[in-house]
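Since every read-out is calculated from the coordinates, none of them should be taken as a lab result. Small disclaimer: the values here were computed from a predicted structure and weren't measured. Cβ atoms come from the backbone with ideal geometry, glycine included; neighbour counts cover every protein chain shown.
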Amino acid sequence: AEYMGILFSGLMAKIVFYMTNATGVRKTKVDIREARYLLDSKRVIYEEVDVSLIDEDEREEMWAKSKTKTLPQIFVDDEYIGGYDEMQHLEEDGLLEARLKVAPAANASAGAAAST
């Protein structure tokens, strides 16, 4: 399958990005923006969920799974991988693609493969 010039093989991971637009906390706003940018830079498909718009039971389930009440929160195949700070550390260590379950070379090789 191909999406936006990226070739995929097999099943893609389900990535859920929990965030909110209803916050006055500057760090939360910045972390949400930066996490979204980081996910977009990896060209992955993800579901964005505004926690201010979901019911209390779903919100409590998310908090329980992550064991934290900070935002943003990123889950891959129902496993909590962290918020923005954790994602940035994974990126700096070269491990983010593996945690997002995308091929590390997917971004670079898609265009090269098409031109050969």
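With the charge dipole of the range 28-67 set up from +1 on Lys and Arg Cβ and -1 on Asp and Glu Cβ about the Cα centre, the Cα lying farthest toward the positive end among the listed residues SER52, ALA64, ILE32 is that of ILE32. Of all DSSP-defined beta bridges confined to the range 14-75, some 40% are antiparallel rather than parallel. Over all pairs of different C-alpha atoms in the range 13-52, the reciprocal of the mean inverse distance, the Kirkwood hydrodynamic radius, equals 10.7 Å. Rounded to the nearest Hz, the phi-derived 3J(HN,Hα) couplings of the range 24-33 under the Karplus curve 6.51 cos²θ - 1.76 cosθ + 1.60 (θ = phi - 60°) are x, 7, 4, 4, 5, 4, 5, 4, 5, 4, where x marks glycine and proline. By the rule of a C-alpha distance below 19 Å, with chain neighbours fewer than 8 residues away ignored, the lysines paired with LYS69 are LYS27, LYS29. In plain terms, the chain from ARG59 to GLU92 could stretch by 8.9 nm, reckoned as 0.36 nm per residue minus the Cα-Cα distance.
For the pair the range 45-63 and the range 75-89, the centres of their Cα atoms are 15 angstrom apart.
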